[in-house]
Amino acid sequence: MSFIFHVLCTLIFTRVWLWHFTPEAAELPGSKGFGWFFRYLTFCSYTLQMALFVISCLCQLVGKPQTRRRLERASDRLACALFPIACTVSLMYYALESTTQGLVERGGFNRPDWLDFAVHGGNSLAAWGDLLLAPSRSFSTASLTLSIGLGMLYLTWCMVVRIGYGKFPYPILNKLPFPHGLLGMAGAALVLIIGWFYLGLLVRRLVRGGRKPATATATKKAD
């Protein structure tokens, strides 16, 4: 069941990701200027999720045990790190978009409705599906560290974008006083990431009994 789910996610995420190279996508503001669509946390995390689902599929296809174990460990760590990020992206987008009159992403352009759902809702639904169906999701401290690290990396990238693009990728950040506005938003996102991480850990333990991924054990040779 998990393999079928990951195959479907791989196909859907790849299709949505490749759409950003079409002429229709070229009309969107995100395609223009420094950083392309990678200016946005949404697209960055969506790209990582796509890579995750590819790795998860490979876990079931690779025959060599040692390679499979490495892929499973990578899949487990990345999935648990991306779960809280995907949920945070969805929650912050819909919450801020509805309360700030579109200051998360600038309106006034023709963007397909399915695209909004795919990258702002489908991303977190896929993350929840992976959490419930994947054979091993440990939510280890290493995954939490990776999740926070990715968040800090994007915060640094935001500053690079501000220099190269002339402004932050999100209009709301340009409206808030700098640097307090940016740090406040980053702090709120950090709290959400940590909260979603531990919620995912709790749900996983309740549903799957807290089983951790199998790790390679050293074998002793007989003298």
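The values are calculated or read from the model by the stated rules, or taken from the named source; none is laboratory data. What you see is a predicted model; the values in this text were computed from it and never measured. No Cβ is skipped: glycine too gets one built from the backbone with ideal geometry, and neighbour counts run over all protein chains shown.
Any idea which of Phe83, Phe53 is surrounded by 16 or more Cβ atoms within 10 Å (Cβ to Cβ), modelled with pLDDT of 95 or more and closer than 17 Å to Ile148 by Cβ? Full working, then the answer.
Details: Phe53 fails: closer than 17 Å to Ile148 by Cβ.
Selected residue: Phe83, the only one of Phe83, Phe53 that is surrounded by 16 or more Cβ atoms within 10 Å (Cβ to Cβ), modelled with pLDDT of 95 or more and closer than 17 Å to Ile148 by Cβ.
May I ask you to list pairs of residues, at least six apart or on different chains, whose Cβ atoms are under 6 Å apart, with the first in region 200-219 being on the phi > 0 side of the Ramachandran plot and modelled with pLDDT of 50 or more and the second being part of a loop (DSSP other than H, G, I, E, B) and of a type in the set (A, V, I, L, M)?
Every condition considered, no pair remains.
Using beta carbons and a limit of 8 Å, which pairs, at least six apart or on different chains, have the first residue in region 39-60 and free of Cβ contacts under 8 Å to residues at least 12 places away in the same chain and the second one assigned to a helix (DSSP H, G or I)?
Going by the 8 Å Cβ cut-off, there are no qualifying pairs.
Looking for something in a loop (DSSP other than H, G, I, E, B), modelled with pLDDT of 90 or more and surrounded by 11 or more Cβ atoms within 10 Å (Cβ to Cβ) - is there at least one such residue anywhere in region 176-189?
Just the residues of region 176-189 that are in a loop (DSSP other than H, G, I, E, B), to begin with: 176-179.
Still in the running and modelled with pLDDT of 90 or more: 176-179.
Those still in the list that are surrounded by 11 or more Cβ atoms within 10 Å (Cβ to Cβ) too: 176, 178.
Yes: region 176-189 contains one or more residues that are in a loop (DSSP other than H, G, I, E, B), modelled with pLDDT of 90 or more and surrounded by 11 or more Cβ atoms within 10 Å (Cβ to Cβ).
Of the conditions (1) at pLDDT 95 or above; (2) not in a helix (DSSP H, G or I), Leu103 satisfies every one except a single condition; which number is it?
Every condition holds for Leu103 apart from (1).
Kindly indicate whether any position in region 186-199 is among the hydroxyl-bearing types (Ser, Thr, Tyr) and closer than 22 Å to Phe34 by Cα.
Of region 186-199, the ones among the hydroxyl-bearing types (Ser, Thr, Tyr) are 198.
When the remaining residues are screened for being closer than 22 Å to Phe34 by Cα, the result is none.
No: region 186-199 contains no residue that is among the hydroxyl-bearing types (Ser, Thr, Tyr) and closer than 22 Å to Phe34 by Cα.
Applying the selection to region 108-130, what residues are surrounded by fewer than 20 Cβ atoms within 10 Å (Cβ to Cβ), of a type outside the set (Gly, Ala, Ser) and assigned to a helix (DSSP H, G or I)? Lay out the reasoning, then the answer.
Step one: of region 108-130, the residues surrounded by fewer than 20 Cβ atoms within 10 Å (Cβ to Cβ) are 108-117, 121, 125, 128-129.
If we keep only those that are of a type outside the set (Gly, Ala, Ser) as well, we get 109-117, 125, 128.
If the condition is that a residue be surrounded by fewer than 20 Cβ atoms within 10 Å (Cβ to Cβ), of a type outside the set (Gly, Ala, Ser) and assigned to a helix (DSSP H, G or I), then Asp113, Trp114, Leu115, Asp116, Phe117, Leu125, Trp128 are the ones that fit.
Just to be sure, is Ser143 in contact (Cβ under 8 Å) with a residue 12 or more places away in the chain and touching a Cys at 6+ places or on another chain (Cβ under 6 Å)?
Numbers: in contact (Cβ under 8 Å) with a residue 12 or more places away in the chain: yes; touching a Cys at 6+ places or on another chain (Cβ under 6 Å): yes.
For Ser143, the condition - in contact (Cβ under 8 Å) with a residue 12 or more places away in the chain and touching a Cys at 6+ places or on another chain (Cβ under 6 Å) - is met.
Does Ser136 fit the bill of being small (Gly, Ala, Ser), farther than 20 Å from Leu11 by Cα, buried (at least 16 other Cβ atoms within 10 Å of the Cβ) and at pLDDT below 95?
Values: small (Gly, Ala, Ser): yes; farther than 20 Å from Leu11 by Cα: yes; buried (at least 16 other Cβ atoms within 10 Å of the Cβ): yes; at pLDDT below 95: yes.
So Ser136 fits the description; yes.
If you check Thr88 against the conditions, is it out of contact with any Phe, Trp or Tyr (no Cβ under 8 Å at 6 or more places or on another chain), within 26 Å of Phe168 (Cα to Cα) and either of a type in the set (Val, Ile, Thr) or buried (at least 21 other Cβ atoms within 10 Å of the Cβ) (or both)? Steps first, please.
On the way: out of contact with any Phe, Trp or Tyr (no Cβ under 8 Å at 6 or more places or on another chain): no; within 26 Å of Phe168 (Cα to Cα): yes; either of a type in the set (Val, Ile, Thr) or buried (at least 21 other Cβ atoms within 10 Å of the Cβ) (or both): yes.
Here the answer is no, as Thr88 does not meet what is asked.
Criterion first (closer than 17 Å to Ile4 by Cα and not hydroxyl-bearing (Ser, Thr, Tyr)) does Leu91 satisfy it? So that I can check it myself, show each step before the final result.
Numbers: closer than 17 Å to Ile4 by Cα: no; not hydroxyl-bearing (Ser, Thr, Tyr): yes.
No; evaluated as a whole, the condition is false for this residue.
So, restricting to helices (runs of 4 or more DSSP H) that lie completely within region 19-100, which ones have at least 2 residues that are under 19 Å from Ser140 (Cβ atoms)?
Working: elements: 23-26, 41-61, 65-99.
By residue number, 41-61, 65-99.
Among residues belonging to region 150-175 that are of a type in the set (D, E, K, R) and free of Cβ contacts under 8 Å to residues at least 60 places away in the same chain, point out the one that is surrounded by the most Cβ atoms within 10 Å (Cβ to Cβ).
Narrowing region 150-175 to residues of a type in the set (D, E, K, R): 162, 167, 175.
Remaining after also requiring free of Cβ contacts under 8 Å to residues at least 60 places away in the same chain: 162, 167.
Details: Arg162: 18, Lys167: 13.
Among residues in region 150-175 that are of a type in the set (D, E, K, R) and free of Cβ contacts under 8 Å to residues at least 60 places away in the same chain, the one surrounded by the most Cβ atoms within 10 Å (Cβ to Cβ) is Arg162.
Assuming Gly35 fulfils every condition listed in (1) surrounded by fewer than 15 Cβ atoms within 10 Å (Cβ to Cβ); (2) of a type in the set (Gly, Ala, Ser); (3) at positive phi apart from one, which condition is it?
(1)
Picking from Thr47, Thr99, Thr14, Thr67, which residue would you name as being more than 27 Å from Cys158 (Cα to Cα) and among the β-branched types (Val, Ile, Thr)?
Working: Thr47 fails: more than 27 Å from Cys158 (Cα to Cα); Thr99 fails: more than 27 Å from Cys158 (Cα to Cα); Thr14 fails: more than 27 Å from Cys158 (Cα to Cα).
Checking each option against the conditions leaves just Thr67.
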